[in-house]
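What follows is a set of notes on a single structure, which appears directly below.
The values are calculated or read from the model by the stated rules, or taken from the named source; none is laboratory data. Keep in mind that what you see is a predicted model, and the values were worked out from it rather than measured. Counting neighbours? That spans all protein chains shown, and the Cβs are built from the backbone with ideal geometry, glycine included. The accessibility values were calculated without ligands, DNA or RNA, using every heavy atom of the protein model including side chains. Shrake-Rupley method; radii C 1.70, N 1.55, O 1.52, S 1.80 Å.
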Amino acid sequence: VHEYSIVQSLLERVRHEVNARNGGRVHRLWVRIGELSGVEVDLLHTAFEMCRASTVCAHAALEVSRQDARWECPRCGANIAPGERLACEACGSPARLVQGDEIMLDRIEMEVR
Amino acid sequence: MMCQTCGCGDAEIVAVDVHERILAANDAQARHNREHFAGHGVVAVNVMGGPGSGKTALLEATARALGSRRMGALAGDLATDRDAGRLETAGIPALAITTGNACHLDAQMVHRALHHFPWSNLDFLFIENVGNLVCPAVYDLGQAANVVVLSVTEGEDKPLKYPVMFRTAELVVLTKTDLLPHLTNVDLHALEDALTRVMPVPALLQVSAVTGEGLDRWLDWLECLQRRMPVSLRARRAGDD
């Protein structure tokens, strides 16, 4: 369960942004997690609940959006469905993951005085 | 409204767009490690796999086979330095990275270990990750390549169950192949098919650390990886010798 260390990195990053803006309380965080990122969203929520006390995020809501995995052919752009062989049916090129490995912090809503 | 005298009063709520990887700090440390390795012409290989898949045994056999080539290993383990001890016994410098509760190595742990380990003269630095088919895949360490070790008894559907791990792999080494004659229901075609669905460029080598079968192909693969290094660095390394 590396979700705890992901949350530690998240809290550290948020603290940095808050300090840089002389901000106060954080109200909300927007995070994006890809299907092939290796991060479990439920575990991320649990880890966040356990780690956020006495941080700037103590009262923050965590909004997580999930991003589906999408593979395509880098040459002809053909879509390759999940679960299929990861090579283009038409030209044989190895597929490229165009989305789905995100572990992203998108946005922070914070108080600024 | 904010009080003009001391700044007390209602705070303004602002939204700050970040759009950055949460592990950006690890990524930066990994880039730093990668520059270190490249600067010294060291090929770093991140060896991942489940507990008991045969990671250490593969490296022991590699140590015996590489002979005069200079290799060393960092061995990540939750609680002991047994793996590092085994590798030292096999004749190579090795250092344990004891992670405590962490189920994976990160770039910072590797960097700290490099300060206590004579790595810069090596041809190959193997970083044996914590036995785990999930978490290690998430952290870049600065390696030249990821190798996943899978043993014949783990089940041919493992790649489909752990797609994140296998997607990051440049090579899968199937170990303990000397057991295959006793395992009538292991279907290697099913394993190969599963790999094509999780790896864009599937690559599988079969190795037995016990009989040594397949080791030559593994050593060839390592040689190819080394040849991928920029020519200027290889020339420098040759000069070192």
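Okay, here's what the table says:
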| quantity | calculated |
| --- | --- |
| Test item: B:39-52 mean partner chain Cβ contacts at 10 Å | 0 |
| 12 Å beta-carbon shell around B:Leu219, net charge (K/R +1, D/E -1) | -1 |
| Approximate spin-label separation A:Asp106-B:Asp10, in nm, with each point projected 7 Å along Cα-to-Cβ | 2.7 |
| Local net charge near B:Pro159, Cβ-Cβ under 11 Å (Lys/Arg +1, Asp/Glu -1) | -1 |
| Separation of the A:Glu89 and A:Arg28 label points, Cα + 7 Å toward Cβ, nm | 4.2 |
| The protein assembly as shown - accessible surface per residue (Å², probe 1.4 Å) | 48 |
| Those residues of segment A:13-39 whose amide nitrogen sits under 16 Å from the label point placed on B:His19, 7 Å along Cα→Cβ | A:30-33 |
| Additional length obtainable on full extension of the chain from B:Asn185 to B:Val201, 0.36 nm per residue less Cα span | 3.1 nm |
| Helical contribution to [θ] at 222 nm, DSSP H n ≥ 4, -39,500 (n - 2.57), averaged over chain B, rounded to 500 | -10000 deg cm²/dmol |
